[in-house]
Amino acid sequence: MLNGKGVAAVVRALALRTALPVAGVLVLLALWWAVAASRLWPPVFVPSPGAVWHQLIATSTVHDGQRGYAGHLLHEHLAASLRRILLGSLYGITGGVALGLLIGLVPTVRALLSPLVTFVRTLPPLAYFSLLIIWFGIDELPKTTLLLIAALPPVAVATAEAVRGVHADYLNAARSLGARGWQIPLRIVLPSALPEVMTGVRVAVGVAYTTVVAAETVNGVPGIGGMIRDAQRYNQTDLVVLGLLVIGVSGLLIDAALQLAERRLAPWRGRT
Amino acid sequence: MPSPAEPAPPELTAPTEPAAPASHDAAVALREVSLSYGRRRTRTQALDGIDAEIPPGAFVTVVGPSGCGKSTLLRLVAGFLTPTGGAVEVTGRPVTGPGPDRGVVFQQPRLFPWLSVRGNVEFGLRATGVPRDRRRERAAELLNAVGLTDAADHRPHELSGGMQQRAAIARALAPGPAILLMDEPFAALDALTRERLQEEIRRIWQTTGTTVLFVTHSVDEAVYLGTRVLVLSRRPGRLLLDHPSDLPHAPDPRTDPAHPALRETIAAAVRRAAA
């Protein structure tokens, strides 16, 4: 049981855990404000926090007969980007888990596909985006495909490693209990690989996040990446910064959600 | 965390299906079993011509110095390894791989961490297609027998080492194996828990009549549990002694008058084996 001292320690730890990040953000904001206010650089290089705030309001409302930015409200831009990230990650994760299982379980497949996965993983997404545009045009298909290709390798590699690392006695125990055929990969290999697969998923969603801006450089409105791209063309630096902040903050929230899912799905991690 | 109470659990009833066809006279037969591994210069002979029969209902303990191949012997019976010479037969059939006729308890519990304790116990029943109701019933019975009824819905990592090993025993017994193979199952536990689990496995063996092959490096454990004590020599493992014993049938083997002499016989053989 916790005694008074223990409770105090927990409260202190909690306060520290929330207070420190908040303090960090506040210090950064103050610095930003000071640099902008000093007019060391013109606002087109360093927009003030106030200008970015103003853009946040402007893009989130209908004003002067104009709806948000380029006809879409900020949350609609964000929703469009999130939808692409979600679809691309979902396809990439599904394909990555299946591919990783095959690579981890079948030596022939490992020899055939392992170099290919590594090859694709080292390519910058923008490099093959041009090819995808030639093949699929400029609508949603090349964007989703780009995110799929970016998200798949981390999951495939993590799954393959985890599958090969399954303790032999788990397999022995399962066979001694009568499991055979498809039951082994489905009931033993996959669940025991789950913690590592979840780490791969977090990496994959992160990669999809960084790739979505690249995917939205072509015909990307609505979309945060498209908004940043257009704002850059007209030197609307405050809007560019707003876009960056929106992507960063939503990415943090999604990673926190994935971490929570990881703890829920694999509570035994590090304890076996 | 307060240490969980481990009450003496109630009696276990025998599985409704007979564990092994009664027509066979040996649960396990080892026929000149040898195993060597590695190649050429690094070739190691782990076991050399082990010949033994285990009758149904026996509790056979295997003891010997570390590295004598006693765990290897158990893994051959389990079907995790294939002998390079001779053959292993279980209930008259040659062993070609692992199967639900041989339940295995490892030194580490090796419970599936993604399943609840009940899920672990039901695993073998599910894999062999036992219907849900029957599964629930049998798992409840086994969990009750090892005193884990209250822990059924917990995950393995929430249990103490002793409780995890009880769950592993219940899991291995669930499919009703002809023989229970135990590979130093209590070696990683503290002395008090170990002694309690020794008493418990003896009781389970007495009430279910299941056959047990039990590998240990502890002479005391081998003497307390074995109706037959096998002593293996150092590598290459040979059968040094095959000693029958009535001690496990005694009301209290540890204080039985026959205990000191038997213990000394086995200990002397193990000393010879290690020499």
Computed FRET efficiency, Cβ-Cβ of A:Val203 and B:Arg31, R0 51 Å: what is it to the nearest 0.05? 0.45
Length released on extending from A:Trp32 to A:Leu244, taking residue separation times 0.36 nm less the Cα-Cα span: 74.8 nm
Amide H partners (placed H, <5 Å) of B:Thr84, local residues excluded: B:Ser34, B:Leu35, B:Ser36
Taking a temperature of 25 °C and a viscosity of 0.890 mPa s, what whole-number D in µm²/s does Stokes-Einstein yield for the stretch A:71-145 with Rh from Kirkwood over alpha carbon pairs? 169
Taking the Cβ of A:Gly223 as the centre, find all other residues whose Cβ is under 11 Å away and add up their charges (Lys, Arg: +1; Asp, Glu: -1). 0
To check you understand DSSP bridge types, tell me what percent of the beta bridges within the protein assembly as shown (both residues inside) are antiparallel, rounded to 5. 55
Treating the beta-carbon of each Lys and Arg as +1 and of each Asp and Glu as -1, no other charges, what is the dipole magnitude of the protein assembly as shown about its Cα centre, to the nearest 20 debye? 1140
Which distance in nm do the two modelled labels at A:Glu161 and A:Thr210 give, with both placed 7 Å along the Cα-to-Cβ direction? 1.6
Derived scalar couplings ³J(HN,Hα) [the stretch B:171-186; Karplus, 6.51 cos²θ - 1.76 cosθ + 1.60; whole Hz; x for Gly, Pro]: 4, 5, 7, 3, x, x, x, 6, 8, 9, 9, 10, 9, 6, x, 10
Between the stretch B:35-107 and the stretch A:137-216, what's the alpha-carbon centroid distance in Å? 37
Give me the tail of P(r) for the stretch B:112-182 as a percent: Cα-Cα pairs with distance above 16 Å. 39
In the stretch B:28-120, if the dipole is taken from +1 on Lys/Arg beta carbons and -1 on Asp/Glu beta carbons about the Cα centre, which of B:Gln108, B:Val28, B:Phe59 is farthest to the positive end? B:Gln108
If R₀ is 60 angstrom, what is the calculated FRET efficiency for the pair A:Phe45 and A:Thr94, using the beta carbon separation as r and rounding to 0.05? 0.90
Give me P(r) over chain B, computed from all C-alpha to C-alpha distances, binned every 10 Å, as integer percentages. 7, 30, 36, 22, 6, 0
In this structure, the FRET efficiency calculated for B:Asp256 and B:Ala188 from their beta-carbon separation, with R0 = 41 Å, to the nearest 0.05, is 0.90
Listed residues A:Ala58, A:Ala151, A:Ala173, most fluctuating in chain A (Gaussian network, C-alpha, under 10 Å): A:Ala173
Here the averaged projected area of the protein assembly as shown, based on the convex hull of its alpha-carbon atoms and given in nm², is 36.1
Would you mind computing, in nm to one decimal, how far apart the modelled labels at A:Tyr234 and B:Asp153 are, each placed 7 Å from Cα along Cα→Cβ? 5.9
Net charge around A:Arg180, counting only other residues with Cβ within less than 13 Å of its Cβ (Lys, Arg = +1; Asp, Glu = -1)? +3
Distance histogram in 10 Å bins (all Cα pairs of the stretch A:1-40, percent per bin): 27, 27, 21, 14, 8, 2
Could you calculate the contour length gain from A:Ala13 to A:Leu260, that is, 0.36 nm times the residue separation minus the distance between their Cα atoms, to one decimal place in nm? 87.0 nm
Model label zone, A:Arg110; criterion: amide N under 15 Å from point 7 Å along Cα-to-beta-carbon; scope the stretch A:164-202: A:164-168
Report Rg (one decimal) and Dmax (nearest whole number) for the stretch B:28-134, counting Cα atoms only, units Å. 16.5, 56
Most fluctuating residue given options B:Arg43, B:Arg234, B:Arg31, as computed from a GNM of chain B linking Cα atoms under 10 Å: B:Arg43
Check which residues have an amide H placed less than 5 Å from B:Thr91's amide H, if you skip close sequence neighbours. B:Val28, B:Ala29
With the crude spin-label approximation of a point 7 Å out along Cα→Cβ, what separation in nm comes out for A:Thr118 versus A:Arg67? 5.1
Using alpha carbons only: equivalent-ellipsoid semi-axes of chain A, gyration tensor based, whole Å: 41, 29, 15
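We did not get these values from a lab; they are worked out from the coordinates using the rules stated. Because the structure is a prediction, the values reported are computed rather than measured. Don't worry about glycine lacking a Cβ; one is built from the backbone with ideal geometry, like all the others, and counts go over all protein chains shown.
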